[in-house]
Amino acid sequence: MSTTVTYEFDPEAIGPLQGCRVLDLSRLVSGGHCGMVLADLGADVIKIERPDGGDELRHGRIAGVAPFWTVYNRNKRSVSLNLKSPEGRDILLELVKTADAVLENFRPGTLEKLGIGPTVLQAANPALIVTRISGWGQTGPYAHLPGFGTLAEAVSGFMYRNGTADSPPLAPPTALSDMVAGLYAATATIAAILHARNGGTGQTIDVSLFEPLASIMGPDALLDQLGHLPQRGDGTRASSVKGVFITADDKWVALSAAAEGIVRNLFNAIGSPEILDDPRFASYEARLNSRAEINGVIGRWVVQRPAAEVLHTLRSQGVTVAPVFSTADARQDPHFVARQVYVDVPGRDGEPETIAMHNVVPRMSKTPSGLRRPAPRLGEHNDEILAELGISAETRENLEQHGVLGTATKAGADA
């Protein structure tokens, strides 16, 4: 049973990006995650969706909840707008005049075909940032190909490295490339907004799915140049003593001794200080080349003891060790609860009374962010946002009748 903290949405939570407006034309995970980061930090993120169903994430439901939609689109407002119509494009351009940035993750050339490419958007607002996420980037011989996260994970080097020495290449269990690309896109968008507000002009940001993931492979390119390209099962070379070990009570603990002092503490704690006199284990480089043997020593000590004893013994000696948690474990852990890593927020429209999600990160002392609103129903804020543009109720009704503006989804309907 979870001990997650119950959290009420706070419309007054500001965040450091208060006063910034982002038009989110994206869909699925990479754009959704980028927009969520900006919205969590206080930006007014307006999700612009097609009236006939909106973002595909709305429709992947489990037990009455669309989990990916609910998490990645919190703190946003929604307008259902037909961008294939001239009137819809005109409304978008009016919104562009009020915005700092536009976010999209269509296949390259899609916005141009709609007549709303960066040149058109920036003509309406020269300070506008246009952030474009795509599978392969806007240029290069693969730019025209469709691209999804699994392909990015395959070509970036990540999948080649992921797994054990005797396993095939393994895809990550999460939408890793989409989320990393979303983080990079959000960071670049914030930097570009700062540049524009400091007297610069607007610009276009080109983020692929594979390049951000290649960047988190760290020094692998240099290691390849040096003739030491890491293989599956090698782990990171940042630590010469690390691994995951099973305990006597069938639990798992993770250990990483990244400094020489911690290595000494570890072998003192397990009663084998003499092991570091062995030339195979006496230095960082030697231990890298003898990782299987040294992990065997640690593993034989760990497997004879329950997890609680392993953690207590090693932590008391200054060894960096932690239990391997599932998310279910983490939601009940006292440290996670104290820091409100996960929160239960009010559900709606047939969802459970409360639904769990991760809290806003990071934490800021002067401009704390928060969860201001749940993921919106399709077109929920049509009237609100178009009224902000000075578009009358009569005009809005006419736009609905002509299919330019979708009819806002009502409470209790399929969002």
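The values are calculated or read from the model by the stated rules, or taken from the named source; none is laboratory data. Predicted model, so just to flag it, every value in this text is computed and none were measured. Neighbour counts run over all protein chains shown; Cβ positions are idealised from the backbone, glycine included. For the accessible areas, the whole protein counts, side chains as well, though only heavy atoms, and no ligand, DNA or RNA atoms are used. Shrake-Rupley method; radii C 1.70, N 1.55, O 1.52, S 1.80 Å.
Look at region 257-273: where a residue is more than 7 Å from Val319 (Cβ to Cβ) and a partner is of a type in the set (Gly, Ala, Ser) and surrounded by fewer than 20 Cβ atoms within 10 Å (Cβ to Cβ), sitting 6+ places away or on another chain with Cβ atoms under 7 Å, you get Ala258/Ala238. With respect to the conditions (1) open to solvent by 70 Å² or more (accessible area, probe 1.4 Å); (2) under 13 Å from Ser30 (Cα atoms); (3) at pLDDT below 95, Thr164 lacks only one, and its number is (2). Scanning region 10-36 for residues that are closer than 19 Å to Trp69 by Cβ, open to solvent by less than 50 Å² (accessible area, probe 1.4 Å) and part of a loop (DSSP other than H, G, I, E, B) turns up Leu25, Ser26. Of the strands (runs of 3 or more DSSP E) entirely within region 299-415, none holds at least 2 residues that are farther than 29 Å from Pro16 by Cβ and at pLDDT below 95. Looking at Ala186, Ala181, just one residue is under 30 Å from Leu229 (Cα atoms), surrounded by 17 or more Cβ atoms within 10 Å (Cβ to Cβ) and under 17 Å from the mean Cα position of the chain (by Cα), and that residue is Ala181. Only one entry in Ala123, Ala154, Ala214 is part of a helix (DSSP H, G or I) and either among the basic types (Lys, Arg) or touching a residue at least 40 places away in the same chain (Cβ under 8 Å) (or both), namely Ala214. Of all residues in region 77-92, those being in contact with a strand residue (DSSP E or B) (Cβ under 8 Å, 6 or more places away or on another chain), under 17 Å from Phe106 (Cβ atoms) and open to solvent by 10 Å² or more (accessible area, probe 1.4 Å) number 2. So for region 122-142 (the condition being of a type in the set (Val, Ile, Thr), within 25 Å of Asp40 (Cα to Cα) and open to solvent by 60 Å² or more (accessible area, probe 1.4 Å)), does at least one residue qualify? So far as region 122-142 goes, no, none of its residues is of a type in the set (Val, Ile, Thr), within 25 Å of Asp40 (Cα to Cα) and open to solvent by 60 Å² or more (accessible area, probe 1.4 Å).
Among the listed residues Lys251, Lys242, which satisfies the condition of being open to solvent by 50 Å² or more (accessible area, probe 1.4 Å), charged (D, E, K, R) and under 21 Å from Leu170 (Cβ atoms)?
Values: Lys251 fails: under 21 Å from Leu170 (Cβ atoms).
Being open to solvent by 50 Å² or more (accessible area, probe 1.4 Å), charged (D, E, K, R) and under 21 Å from Leu170 (Cβ atoms) holds for just one of Lys251, Lys242, which is Lys242.
Answer with yes or no whether Leu183 is among the aliphatic types (A, V, I, L, M), in contact with a helix residue (DSSP H, G or I) (Cβ under 7 Å, 6 or more places away or on another chain) and in a loop (DSSP other than H, G, I, E, B). Spelling it out, it is not the case that Leu183 is among the aliphatic types (A, V, I, L, M), in contact with a helix residue (DSSP H, G or I) (Cβ under 7 Å, 6 or more places away or on another chain) and in a loop (DSSP other than H, G, I, E, B). For Leu255, which of the numbered conditions (1) assigned to a strand (DSSP E or B); (2) over 28 Å from the mean Cα position of the chain (by Cα); (3) not acidic (Asp, Glu) fails to hold? It fails just one condition, (2).
Residues checked against (1) in contact with a helix residue (DSSP H, G or I) (Cβ under 7 Å, 6 or more places away or on another chain); (2) of a type in the set (Val, Ile, Thr); (3) surrounded by fewer than 16 Cβ atoms within 10 Å (Cβ to Cβ):
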| residue | (1), (2), (3) |
| --- | --- |
| Glu309 | no, no, yes |
| Ala322 | no, no, yes |
| Val337 | no, yes, no |
| Arg373 | no, no, no |
| Ala387 | no, no, yes |
